[in-house]
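Everything below concerns the one structure shown next.
Coordinate-derived values only; no laboratory data. Everything numeric here is computed off the predicted structure, so don't read it as measured data. With ideal geometry, Cβ positions are generated from the backbone for all residues, glycine too; neighbour counts draw on all protein chains shown.
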Amino acid sequence: MWEAIKEHQKLEFSQRLGVSLDVDLGDDGDGTLGDLIADQEALTPLELLAARNLREGVNRAIIDAKLDKREKKIIAQLYGLDGEQRRKQKQIADEMGLSPRRIRQIREIAMEKIISVLSQTTDSHLTPAEWEA
């Protein structure tokens, strides 16, 4: 679907210019005019670096919080960590043979541990401003 939308955008752009976006940029054939159009969905290198640092910091906080296996699994599934798809408490409860209420309780315990670790960190991107005194 996204490819169709991108192709449509390229076509609209080329119609406004009166030039095909498939025109080679040079004699060496290294690229086309369409290659120069920025992808509005793409993250900048700085955004990619910030996201990676945040992901690493959260993973480090989870390790430092000493979550047990079940707490880690529930947090990973609820928040889509480790490449997992985000899942609802009910789905996790059904899979683990627990009630949604028990999943919520385990999540709250795990989050308290993680927040405790994060509140002690000196990493500014992991320490919300309202936690700083």
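Which ordering of Lys113, Lys66 is given by a fewest-first count of other beta-carbon atoms within 10 Å?
So the ranking, lowest neighbour count to highest, is Lys66, Lys113.
I need the calculated FRET efficiency for the pair Glu56 and Ile115, taking r as the beta carbon distance and R₀ as 30 Å, to the nearest 0.05.
0.95
Expressed in nm to one decimal, what extension gain is obtained for the pair Glu84 and Leu49 from 0.36 nm per residue of sequence separation less their Cα-Cα distance?
That works out to 10.5 nm of additional length.
Just need the Rg to Rh number for segment 67-123, please, alpha carbons only, Kirkwood Rh.
Taking Rg over the Kirkwood Rh, I get 1.01.
State, to one decimal in nm, how far the label point of Thr32 lies from the label point of Asp64, with both points 7 Å from Cα in the Cβ direction.
Calculated label separation equals 4.9 nm.
Using the beta-carbon distance between Ala42 and Ser99 and R0 = 41 Å, what value does 1/(1 + (r/R0)^6) give for FRET efficiency, to the nearest 0.05?
0.45
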